Amino acid sequence: MEFSIRSGSPEKQRSACVVVGVFEPRKLSVPAEVIDNAGRGYLGDLVRRGDMEGKLGSTLLLHNVPGTLADRVLLVGLGKEKEFREKEFRTAVATAVKTLNETGGFDGTLYLTELLVKKRDVAWRVRQATMVALEALYRFDKLKSKKDDVRRPLRKLTFCVERRNELTMAEDALAQGQAIAAGTTLMKDLANLPGNVCTPSYLADQARDMAGEHGMAVEVLERQDMEKLGMHTLLSVARGSHEPPKFIVLTYSGGKAGHKPIVLVGKGITFDTGGISLKPGPEMDEMKFDMSGAASVLGTMKAIAQMKLPLNVIAAIPSTENMPGGGATKPGDVITSMSGQTVEILNTDAEGRLILCDALTYVERFDPECVVDVATLTGACVIALGHVATGLLANNDTLARELLEAGQEAHDRAWQMPLWEDYQEQLQSNFADMANIGGRAAGTITAASFLSRFTKKYDWAHLDIAGTAYRSGKEKGSTGRPVPLLTHFLLARAAAAAKQ
Ligand code: BES
Ligand code: MN
Ligand code: ZN
């Protein structure tokens, strides 16, 4: 999709379709009023007759509207003006773009980016509109022999801003939105692939491709390398699988040499059967999404490389399948992690923390500015926060606040849970330094508490995306979250570094 920014009057746009909003009940937005004046009350009459009430998500496509140069005018319902906020803005843009995509036109000119959204400026509106538009057009039909053969001529979207002095800001925001969407799309494509295609080796190849494309450095550690390093908790998860495990390290050096890197760690379980503690059958296919953390980290790397952010960022991705098998780790086995701490594995389905703990020890060598890990870690997080908020836990409150704010700004929100010492006793083991599970109570917190034992040397935050990374049911598929959150976090870090 091609995008551009423009300022100018809606009735003068030579476009296949000009999109303007209508508030509920029957109130034209400013650009709609301008068209109405140019057409001697044409839109106003329509609205008064009840053809467009302005309900959020409703549309009315009009042809040859008097006084306009465009082939069509699309009216999009915005809901009540007083209730028009971020969510409503996003819905309106998504509705407009989906409708445009099903109409005959080759391009669309949207005046929705001129609407006021509480506390948000034009840059926010353009960035969000770009992300939402590309989200609305996303399809995953790579694996279908017959592609959706609906004719889709829509090739260009133009976002309008009110004033000419907003053009530069809007263009920068557009580029950011496109980069974030490219990252989100990469995450979705990877996570939507089935476990028989997207294996640890496949993820490693993807990282290599990205490194080649964007001038990053990549290193892939093989089983023998991990053995030498003593990554035995990671390897204990891989024992039941015939797929070789990979530990992927991707380095983006956009910042000054010598500046400490921000490290992103992503859980890359390409299929989680639970291992010997086998999961029940229903919905087990969704455990192909258990590499969403890895996919989100790769997506974020793509986004920041496309934006050329002046930061040093390293992605570290431990990747393996979690399978039962003759060689698989058994409940009760005790394993020594790379850190030297021993772990009694009481449930082989709590495998995410086992691969992450070795990754978190490994990244100490980068002397990180901070470390953020991303993982579909606990079913308990879905119970606690549903599919709305990502779980956030951190050993540093400033870092936690930054991530929460990035989530707000990106409309990809997280919610913090406590990481108090009190929870640590649930991990007590009679046979090793700790158990890998902490019982039914506070499952998300005890999982993070486990990880916190491996992150003492740096500022660290953990994002549990079990509820937010993908959707189940009819709309089954990756959401691309938390690429927008992570990218906004890094954008803010880059802006702060520039001020210093
Ligand atoms: N990948 C799962 C977590 C998960 C569950 C993600 C549901 C998305 C939806 C993880 O490896 C797991 O199995 N966790 C266990 C931990 C338990 C054994 C302590 C869980 O949450 O049940
Ligand atoms: Mn599991
Ligand atoms: Zn898992």
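The values are calculated or read from the model by the stated rules, or taken from the named source; none is laboratory data. This is a predicted model, so every value here is computed, not measured. Note that each Cβ is placed from the backbone with ideal geometry, even for glycine, and that neighbours are counted across all protein chains shown. Heads up: the accessible areas ignore ligands, DNA and RNA and are worked out on the full protein's heavy atoms, side chains in. Shrake-Rupley method; radii C 1.70, N 1.55, O 1.52, S 1.80 Å.
Scan segment 290-311 for residues that are surrounded by fewer than 24 Cβ atoms within 10 Å (Cβ to Cβ) and among the charged types (D, E, K, R) and jot them down. Answer for segment 290-311, where residues must be surrounded by fewer than 24 Cβ atoms within 10 Å (Cβ to Cβ) and among the charged types (D, E, K, R): just LYS308.
Among all positions in segment 373-384, there is at least one residue which is more than 15 Å from ligand 3 (Cβ to nearest atom) and out of contact with any Leu (no Cβ under 6 Å at 6 or more places or on another chain). Candidates are the residues of segment 137-187 that are among the aromatic types (Phe, Trp, Tyr) and farther than 20 Å from GLN306 by Cα; the one that is farthest from the chain's Cα centre (by Cα) is PHE159. Taking segment 132-165 as the range and being in a helix (DSSP H, G or I) and open to solvent by less than 20 Å² (accessible area, probe 1.4 Å) as the test, the residues that pass are VAL132, ALA133, ALA136. Scanning segment 154-185 for residues that are touching an Asp or Glu at 6+ places or on another chain (Cβ under 7 Å) and of a type in the set (Asp, Glu) yields a total of 1.
Yes or no: THR320 within 15 Å of ligand 1 (Cβ to nearest atom) and either outside any helix (DSSP H, G or I) or surrounded by fewer than 20 Cβ atoms within 10 Å (Cβ to Cβ) (or both)? So THR320 fits the description; yes.
I'm checking my understanding of the structure. Among residues of segment 73-95 that are in a helix (DSSP H, G or I) and in contact with a helix residue (DSSP H, G or I) (Cβ under 6 Å, 6 or more places away or on another chain), which one is farthest from ALA16 (Cα to Cα)?
Let us first name the residues in segment 73-95 that are in a helix (DSSP H, G or I), namely 81-83, 86-95.
Going one step further and asking which of them are in contact with a helix residue (DSSP H, G or I) (Cβ under 6 Å, 6 or more places away or on another chain), we end up with 90, 92-94.
Numbers: ARG90: 22, ALA92: 19, VAL93: 17, ALA94: 18 Å.
Ranking the qualifying residues of segment 73-95, first place goes to ARG90.
Say we look at segment 345-364 and pick out the residues that are of a type in the set (Asp, Glu) and within 14 Å of ligand 3 (Cβ to nearest atom); which of these is most open to solvent (accessible area, probe 1.4 Å)? Taking the candidates together, the pick is ASP349. PRO244: surrounded by fewer than 19 Cβ atoms within 10 Å (Cβ to Cβ), in contact (Cβ under 8 Å) with a residue 40 or more places away in the chain, closer than 24 Å to GLY477 by Cα and assigned by TED's automatic domain parsing to the domain that holds SER292, yes or no? Judged against the criteria, PRO244 is not a match.
Only one entry of VAL132, VAL97, VAL117 meets the criterion of being more than 18 Å from ALA181 (Cβ to Cβ) and under 24 Å from the mean Cα position of the chain (by Cα), and that entry is VAL117. For the condition more than 30 Å from HIS259 (Cβ to Cβ), within 16 Å of ligand 1 (Cβ to nearest atom) and either open to solvent by less than 10 Å² (accessible area, probe 1.4 Å) or in the same structural domain as MET231 (by TED's automatic domain parsing) (or both), GLY332 qualifies. Got a number for residues in segment 277-289 being more than 10 Å from ligand 2 (Cβ to nearest atom) and either in a helix (DSSP H, G or I) or buried (at least 21 other Cβ atoms within 10 Å of the Cβ) (or both)? Residues flagged as more than 10 Å from ligand 2 (Cβ to nearest atom) and either in a helix (DSSP H, G or I) or buried (at least 21 other Cβ atoms within 10 Å of the Cβ) (or both) within segment 277-289 amount to 5. When ILE314 is tested against (1) of a type in the set (A, V, I, L, M); (2) under 24 Å from the mean Cα position of the chain (by Cα); (3) buried (at least 24 other Cβ atoms within 10 Å of the Cβ), just one condition goes unmet, and that condition is (3). The residue that is farthest from ligand 1 (Cβ to nearest atom), counting only those in segment 360-407 that are in contact with an Asp or Glu (Cβ under 9 Å, 6 or more places away or on another chain) and of a type in the set (Ser, Thr, Tyr), is THR398.
Report yes if some residue within segment 47-65 is in a helix (DSSP H, G or I) and open to solvent by 40 Å² or more (accessible area, probe 1.4 Å); otherwise report no. Yes. Looking across ALA211, ALA217, one residue alone is open to solvent by less than 10 Å² (accessible area, probe 1.4 Å) and either touching a residue at least 24 places away in the same chain (Cβ under 8 Å) or in contact with a helix residue (DSSP H, G or I) (Cβ under 9 Å, 6 or more places away or on another chain) (or both). It is ALA211. Is there a residue in segment 247-257 that is outside any strand (DSSP E or B) and in contact with a helix residue (DSSP H, G or I) (Cβ under 6 Å, 6 or more places away or on another chain)? Within segment 247-257 (the criterion being outside any strand (DSSP E or B) and in contact with a helix residue (DSSP H, G or I) (Cβ under 6 Å, 6 or more places away or on another chain)), the answer is no, since none of the residues qualifies.
Would you point out the residue of segment 335-344, among those that are open to solvent by 40 Å² or more (accessible area, probe 1.4 Å) and farther than 21 Å from VAL372 by Cβ, that is farthest from ligand 1 (Cβ to nearest atom)? Within segment 335-344, the match that is farthest from ligand 1 (Cβ to nearest atom) is GLY340.
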